[in-house]
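A short write-up of the structure that comes next.
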Amino acid sequence: MSASWRAVRRRLMTPSHNETKLSTRGFHEKSPEARETLETVGATFLDGYAFAVEARNQDETHQRLEQVPVRFRGFAYEGAAMGLAMLDGLPVPGNGRVAAFLAGHGAAHRYMVHVGVGWAMARLPRFRWASIAPTDPLLRWLALDGYGFHQAYFRTQRYVREQYRDPSFRWPGDETRRYAGHAVDQGIGRALWFIGGTDPAVVSDLVDSFAADRRADLYSGVGLAACYAGGASEAELLYLLERAGHYRPQLAQGIAFASTTRVESGLLTPHTEMAARLLCGMTPQQATEVCSRARPDPVVDGRLTAYEVWRREIAERVSSDAPEARA
């Protein structure tokens, strides 16, 4: 494929950066600094998407992704995964890009890659999902986390204000699909951190507006975003811990996932270290070790999915060391 055609493909397939502006989305603006953080996250995601769509091969994609600053590089990998999944979802030969990425340059970013696939699922017709659906029996649920984030971010009125929940989600195509709504809610929770502009009071009010049986998953997503994307001060994180109340274990589980994602990819940041210390009472490396030790092997789904058993085990272990919230 020629360079000119790849450039055309990039222009045709890549959404506008304007779509990630807080003013465009109608999201809460806490401060100019918070706005800049969130808009940089969105722009970097789309840059990663464009890199993958335009590149000749994954080596070239990788070279460009590695030039992104550490704090935002994971979002570029997430965007690249969406781009590769969108290409895999096209009705043309040459699929397998995401699988090759996971086996190569994307391996250290496996959490973000799976989430990026979920963005593509939200954009592609469902009959094409089979061509991009993740095969990892445990991390596949992160794709629905990505799907939930996308829907809350771009369809905020329906998924957040009206709190829509698909009553018959058809993926995965087995009995475990009963868990799909929970994974989607975890992604909606992550999006609430963006919709609320990283303001823990606004974000917590949004979570509390949902039915009580959805809040555990939502707070898990909030914790992940607060730790991975950042944007909150120490005092704000302690306030978030207080507002989480008896959902603190789920908040801490999200922190542990975010810590693992950054540690495994070598993209650790000061705000991740602060969030892990304040909300889990441990370092990101220690939280990562908890996730690793709790990881089921083999992965066997029962009454609860293995993924949910894993998350609950992590929540129990990291929340036991978390400090009490302080006013």
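So in the stretch 14-40, with the set limited to residues that are assigned to a loop (DSSP other than H, G, I, E, B) and under 23 Å from ALA122 (Cβ atoms), which one is modelled with the lowest pLDDT? Walk me through how you get there before you give the answer.
At the first step, the residues of the stretch 14-40 found to be assigned to a loop (DSSP other than H, G, I, E, B) are 14-16, 21, 26-31.
Checking which are under 23 Å from ALA122 (Cβ atoms) leaves us with 14-16, 21, 26-28.
Values: THR14: 60, PRO15: 70, SER16: 72, LYS21: 93, GLY26: 96, PHE27: 97, HIS28: 97.
Taking the candidates together, the pick is THR14.
Does ALA275 qualify as being more than 19 Å from LEU142 (Cα to Cα), touching a Cys at 6+ places or on another chain (Cβ under 7 Å) and not in a loop (DSSP other than H, G, I, E, B)? So ALA275 fits the description; yes.
Going by the structure shown, is TRP119 under 16 Å from the mean Cα position of the chain (by Cα), under 19 Å from PHE51 (Cβ atoms), open to solvent by less than 30 Å² (accessible area, probe 1.4 Å) and hydrophobic (A, V, I, L, M, F, W, C)?
Working: under 16 Å from the mean Cα position of the chain (by Cα): yes; under 19 Å from PHE51 (Cβ atoms): yes; open to solvent by less than 30 Å² (accessible area, probe 1.4 Å): yes; hydrophobic (A, V, I, L, M, F, W, C): yes.
So TRP119 passes the test.
None of THR261, THR272 is farther than 25 Å from ASP166 by Cβ, at pLDDT 95 or above, crowded, with 24+ Cβ neighbours inside 10 Å and touching a Lys or Arg at 6+ places or on another chain (Cβ under 7 Å) except THR272.
Here ARG110, ARG73, ARG11 are screened, and the one residue that is part of a helix (DSSP H, G or I), open to solvent by 40 Å² or more (accessible area, probe 1.4 Å) and at pLDDT 90 or above is ARG110. Residue count for the stretch 183-214 under the criterion of being buried (at least 23 other Cβ atoms within 10 Å of the Cβ), of a type in the set (Gly, Ala, Ser) and not in a helix (DSSP H, G or I): the result is 1. On the stretch given as the stretch 143-177, residues that are within 23 Å of ALA229 (Cβ to Cβ) and open to solvent by less than 40 Å² (accessible area, probe 1.4 Å) total 14.
Tell me which residues, restricted to the stretch 80-107, are of a type in the set (Val, Ile, Thr) and part of a helix (DSSP H, G or I). If the condition is that a residue be of a type in the set (Val, Ile, Thr) and part of a helix (DSSP H, G or I), then VAL98 is the only one that fits. From the list ARG97, ARG35, the one residue that fits, being within 30 Å of ARG161 (Cα to Cα) and basic (Lys, Arg), is ARG35.
Taking interchain pairs and intrachain pairs at least six residues apart, which have beta carbon atoms under 6 angstrom, with the first residue in the stretch 45-56 and free of Cβ contacts under 8 Å to residues at least 12 places away in the same chain and the second open to solvent by 10 Å² or more (accessible area, probe 1.4 Å)? Within 6 Å, no pair qualifies. Beta carbons closer than 8 Å, at least 6 apart along the sequence or on distinct chains, pair a first residue in the stretch 285-297 that is part of a loop (DSSP other than H, G, I, E, B) with a second that is open to solvent by 20 Å² or more (accessible area, probe 1.4 Å) for PRO296/VAL309.
Annotation: of all residues in the stretch 128-142 being aliphatic (A, V, I, L, M) and in a loop (DSSP other than H, G, I, E, B), the one that is surrounded by the fewest Cβ atoms within 10 Å (Cβ to Cβ) is ALA133. Within the stretch 156-210, the residues that satisfy the criterion of being farther than 20 Å from GLY42 by Cβ and of a type in the set (A, V, I, L, M, F, W, C) are PHE169, TRP171, ALA180, ALA183, VAL184, ALA201, VAL207, PHE210.
Are any residues in the stretch 232-256 of a type in the set (Gly, Ala, Ser) and either surrounded by fewer than 19 Cβ atoms within 10 Å (Cβ to Cβ) or assigned to a helix (DSSP H, G or I) (or both), and if so, which ones? Full working, then the answer.
First, pick out the residues of the stretch 232-256 that are of a type in the set (Gly, Ala, Ser): 232-233, 235, 244-245, 252, 254, 256.
Selection gives SER233, ALA235, ALA244, GLY245, ALA252, GLY254, ALA256.
The values are calculated or read from the model by the stated rules, or taken from the named source; none is laboratory data. Nothing here was measured: the structure is a model prediction, and the numbers come from that model. Using ideal geometry, Cβ is built from the backbone for each residue, glycine included, and neighbour counts are taken over all protein chains shown. The accessibility values were calculated without ligands, DNA or RNA, using every heavy atom of the protein model including side chains. Shrake-Rupley method; radii C 1.70, N 1.55, O 1.52, S 1.80 Å.
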